[in-house]
Amino acid sequence: MFETPEYLSPSSISTYRDCPMKFKFSRIDRIVEPPTWQTHLGTFVHEVLEHFYQLDGDARTLESVKSTATERWTAGEWEAKVNELEKKLGTITEFKKSAFECMTNLWKIEDPQQTELIGMEYELFTDVEGVRMKGFVDRFLFDDDGKIIISDYKTGAIPNPRFKSEDEKYFQLLAYALMFESADQEETSKLQLLYLKHSANHEISVTPVKLAIARGVIVETKEAIDQACATENFACNKTKLCDWCFHKPYCPAHQ
C-alpha cells in the first residue's frame, strides 16, 4: 500500500487524469524530471514578469522590461542554467530572443501600465470538498465588480483541440477559482490563458456549471488516487504523447 500524498495540486490532478502511472512516478516515487529548454524558458519569463509588475504603473515600459530581464538573467545565473541543459534547442542568444519576444508580446495582449495586479505567484492552501489542495496562481486582479480574474502565462504553443479539450485547458484555473472560494470566500468572474508566444488571450467566463464540473473532477480524481494507492495499481495511459514523456524508458507500458 502506498502512502497517499498530503495534498493535491491542480497540476497533479491533471497529471493523474492524463496518466496515473506518470502521477505515480512524480508524486509517489518522487522522481524529479530535469528541467528542459521549454521549462527554463517559461520559468525565466514568469520570473521577469513577476518583478516587472512590481514596478509602478508608469514605469512599466518596453525599456524597463528589458532592464528587468537583464537584471534577473544575472541574478538568477540563467546562462549557466541554460548551458547545463542536456538537450539545447538553440544558442544562448536564441533563448534570450525567444524569452524577450514572449515578454514584449504582452503589450499586444494588454497595457501593462493600466494593469494593476493584486497578487502574483500567490499561494493557495485549502480544502475543496474535503480534498486538501495547494497551488500557486500566476497572477490575479479584480474586475469592476470586485470579482477575481485569474490569469496564467503560457510560453508554449496553443494546445491542439484534438489533444486537449477546452475543459481540460481551463481545469487548473477553475480549480484555483474553487480554492479562492474556499480559502477567501472570493468569487471568480473570468479565467485567462495568456499565450505570450502567440500574443493571444484565451478567456472564458466562470459559471456555476463549470465550477461544479471542476469540483466533481477534483473529488473523483482524489477517490481514484486513494484507490490506486491502496491497491498499488496505477494504470498506464499509452498514447502518442508517451514519446515525449521523461519516464518512458522505465514505464511498464513500454517494456
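The values are calculated or read from the model by the stated rules, or taken from the named source; none is laboratory data. Here the structure is a predicted model, which means the values were calculated and not measured. Positions of Cβ are generated from backbone atoms using ideal geometry, with glycine treated the same way; all protein chains shown enter the neighbour counts. Note: areas computed on protein heavy atoms with side chains; ligands, DNA, RNA excluded. Shrake-Rupley method; radii C 1.70, N 1.55, O 1.52, S 1.80 Å.
With a sphere of radius 12 Å drawn around the Cβ of residue 46, what net charge do the other residues whose Cβ falls strictly inside it have (Lys, Arg +1; Asp, Glu -1)? Neighbour charge sum, excluding residue 46 itself: -2.
If you wrap a convex hull around the alpha carbons of segment 41-176, what volume per residue comes out, as a whole number of Å³?
Once divided by residue count, the hull of segment 41-176 is 161 Å³.
Centre-to-centre separation between the Cα atoms of segment 1-53 and those of segment 72-140: 14 Å.
Hydrodynamic estimate: the Kirkwood radius of segment 133-187 over Cα pairs, inserted into Stokes-Einstein at 37 °C and 0.692 mPa s, corresponds to D of 261 µm²/s. The share of Cα pairs per 5 Å bin across segment 3-77, counted from zero up to the longest distance, runs 3, 13, 17, 15, 12, 11, 12, 10, 6, 1, 0 percent. Note that segment 202-214 has calculated 3J(HN,Hα) couplings of 9, 9, 9, 7, 8, 10, x, 5, 5, 5, 5, 5, 5 Hz, one per residue in order, obtained from phi through the Karplus relation 6.51 cos²θ - 1.76 cosθ + 1.60 (θ = phi - 60°); glycine and proline are x. Normalised Debye scattering of segment 176-251 at q = 0.11, 0.19, 0.21 Å⁻¹ gives log10 I(q)/I(0) of -0.54, -1.00, -1.00, counting only Cα atoms as equal scatterers and leaving out solvent. Two numbers describe the Cα atoms of the chain: Rg and Dmax, which are 19.3, 58 Å. Measuring nothing but protein heavy atoms, the accessible surface of the chain at 1.4 Å probe radius is 49 percent carbon and sulfur. So if each residue of separation counts as 0.36 nm, and I subtract the Cα-Cα distance between residue 199 and residue 227, what length gain in nm does that give? That pair, residue 199 and residue 227, stretches by 5.9 nm at full extension. Taken per residue, the accessible surface of the chain reaches 55 Å², heavy atoms only and a 1.4 Å probe.
Amide H to amide H distances under 5 Å link residue 200 with 195, where only residues 5 or more positions off or on other chains count and H is placed in the peptide plane.
Helix-only arithmetic for the chain: the sum of -39500 (n - 2.57) across DSSP H runs with n ≥ 4, divided by the residue total, places the mean residue ellipticity at 222 nm at -13500 deg cm²/dmol.
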